[in-house]
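S.K.: Before anything else, here's the structure in question.
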Amino acid sequence: MCGGFTCSKNTLVGLNVIYILVSFLMIGVAVHGKVSGIVTSLPIVGGITACGVFLLMISVIGLIGAVRHHQVLLFFYMVVLFLIFLIQFSCSCAALAINEGDEIKLIKSAWKTAETKSPSLVIQAEQTFDCCGLGLDEDNKVYVTPTLADRNFTETNNVFKNYPDADCYHAANTTMKKDCETCYSHISDKVNSGFNAAGGLGLFFSFTELFGVICTHKYRLYIRDMGEFA
């Protein structure tokens, strides 16, 4: 009969195996979504990645506790899993709810910081997306054609020196091609896909963690009632 000791144990073991697989999936999707992490660290996606790592560790603890009927491990597992649920649920909702204005501010702030403290990140971003400059003015409005300041940074740092086929390539004492565009449109697409993928996946699986907390509580009650303390 499902709901008994054996069923609860098997359900808990199965859930933790699934959690281990889910944690790898979460980490993979979130890291893939951070393609724009070449320029910036997205805190919300990073939060979901951290949840994936913690979920992996706590799943191993829960698996051991379920197999050995260990009350202390199960209690620790239950509390931490509930905390992970709260964090993951909050981060996922925030990732799905972020609007274009917040996204622009986030990207612009990170780009400016990278230009000042770590220009190599900006250079790598421009090489990756074949673009020049961020493409956001002082009023956070998007422009496509690189400005003089954008071109100066790219030309001074020889960003496309080894990429003659790139749209933004420029030989010595020459200007860039007319096809060269700014980076915002490229980065924005990656950020959007990262938020949507990581947020949707995190939200969906956060409810399985809540189910795991309930299942663990019932299993601990069965262990207590049967006097099977590890």
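The values are calculated or read from the model by the stated rules, or taken from the named source; none is laboratory data. Quick caveat: nothing in here was measured; it's all calculated off a predicted structure. Cβ: placed from backbone, ideal geometry, glycine included. Neighbour counts: every protein chain shown. The protein model used for the area step is the full one, side chains on, heavy atoms only, and it has no ligands, DNA or RNA in it. Shrake-Rupley method; radii C 1.70, N 1.55, O 1.52, S 1.80 Å.
S.K.: Whole-Å semi-axes of the chain's equivalent ellipsoid, largest first, each the root of 5 times a Cα gyration tensor eigenvalue? Numbers along the way, then the final one.
M.R.: Details: eigenvalues 505, 45, 30 Å².
Sorted largest first and rounded, they come to 50, 15, 12 Å.
S.K.: Related question: For a quick check of understanding: with a 1.4 angstrom probe and all protein chains in place, what accessible area in square angstrom does His69 have, to the nearest ten?
M.R.: Its accessible surface works out to 40 Å², give or take rounding.
S.K.: Right, something else. Residue by residue through region 81-87, what is 3J(HN,Hα) from phi via Karplus (6.51 cos²θ - 1.76 cosθ + 1.60, θ = phi - 60°)? Round to whole Hz and write x for glycine and proline.
M.R.: Working through the residues one at a time gives 5, 5, 5, 4, 4, 4, 5 Hz.
S.K.: While we're here: Which residue, chosen from Cys168, Val29, Thr156, occupies the Cα position most advanced towards the positive end of the dipole of the chain, where the dipole is computed from +1 (Lys, Arg) and -1 (Asp, Glu) charges on Cβ about the Cα centre?
M.R.: Val29
S.K.: Taking the chain as a Gaussian network, where each spring joins two C-alpha atoms under 10 Å apart, which residue of Val53, Val67, Val13 fluctuates the most?
M.R.: In the Gaussian network model the winner is Val67.
S.K.: Please give me the summed charge of the neighbours of Lys108: other residues whose Cβ is under 13 Å from its Cβ, Lys and Arg +1, Asp and Glu -1. Don't skip to the answer; put the middle values down first.
M.R.: On the way: positive: Lys105, Lys112, Lys141; negative: Glu100, Asp102, Glu103, Glu115, Asp137, Glu138, Asp139.
Value of the local net charge: -4.
S.K.: Over region 134-203, calculate the relative contact order: mean separation of alpha carbon pairs under 8 Å at least 6 apart, over the residue count, as a percent.
M.R.: On the way: 51 pairs, mean separation 20.2, N = 70.
The normalised contact order for region 134-203 reaches 29 percent.
S.K.: Ordered by residue, what ³J(HN,Hα) values in Hz, to whole numbers, does region 92-109 give under the Karplus form 6.51 cos²θ - 1.76 cosθ + 1.60, where θ = phi - 60° and Gly and Pro are x?
M.R.: My calculation for region 92-109 gives 5, 5, 5, 5, 6, 8, 5, 9, 5, x, 5, 5, 4, 4, 5, 5, 5, 4 Hz in order.
S.K.: What do you get for chymotrypsin sites (Phe, Trp or Tyr not before Pro) in region 61-164 restricted to DSSP loop and a cutoff of at most 15 other Cβ within 10 Å of the site's Cβ? Let's see the in-between values first.
M.R.: Values: sites: Phe75, Phe76, Tyr77, Phe82, Phe85, Phe89, Trp111, Phe129, Tyr143, Phe153, Phe160; in loops: Tyr143, Phe160.
Listed in order of number, the matching sites are Tyr143.
S.K.: Heavy atoms only, 1.4 Å probe, whole protein assembly: order Ile48, Ile64 by accessible area, highest first.
M.R.: Result, largest first: Ile64, Ile48.
S.K.: Pop out the carbon and sulfur fraction of the accessible area of the chain as a percent, whole number, probe 1.4 Å. Mind dumping the intermediate values first?
M.R.: Numbers: 7460 of 11820 Å².
Heavy-atom surface of the chain belonging to carbon and sulfur, 1.4 Å probe: 63 percent.
S.K.: Here's another thing I want to ask about it. Measuring from a point 7 Å past the Cα of Phe5 along Cα-to-C-beta, which residues in region 60-100 have an amide N at less than 15 Å?
M.R.: Of the residues in region 60-100, 66-71 have backbone N under 15 Å from the label point off Phe5.
S.K.: So what is the diffusion coefficient of region 53-96 in µm² per second by Stokes-Einstein at 37 °C and 0.692 mPa s, using a Kirkwood Rh over Cα pairs?
M.R.: Working: Rh = 11.0 Å.
Here the translational diffusion coefficient equals 299 µm²/s.
S.K.: Further, regarding this structure: Could you work out which residue, out of Thr216, Thr128, Thr49, moves most in a Gaussian network model of the chain, that is, has the largest mean-square fluctuation with Cα springs under 10 Å?
M.R.: Thr128
S.K.: Accessible surface of Met57 in the full protein assembly, 1.4 angstrom probe, to the nearest 10 Å²?
M.R.: 100
S.K.: Could I ask something else about it? What's the lysine pair count for the chain at a Cα cut-off below 21 Å, pairs eight or more apart or interchain?
M.R.: Value for the chain: 18.
S.K.: Given H placed 1.01 Å from N in the peptide plane, which residues other than close sequence neighbours of Leu136 have an amide H under 5 Å from its amide H?
M.R.: Tyr143
S.K.: Here is a further query. Please arrange Arg224, Arg68 by accessible surface area, largest first, computed with a 1.4 Å probe and ligands excluded.
M.R.: Ranked list, largest accessible area first: Arg68, Arg224.
S.K.: 222 nm [θ] for the chain, helices only, -39500 (n - 2.57) per DSSP H run of 4+, per residue, to 500?
M.R.: On the way: 7 runs with 163 residues, N = 230.
Taking each H run of at least 4 residues, the total per residue is -25000 deg cm²/dmol.
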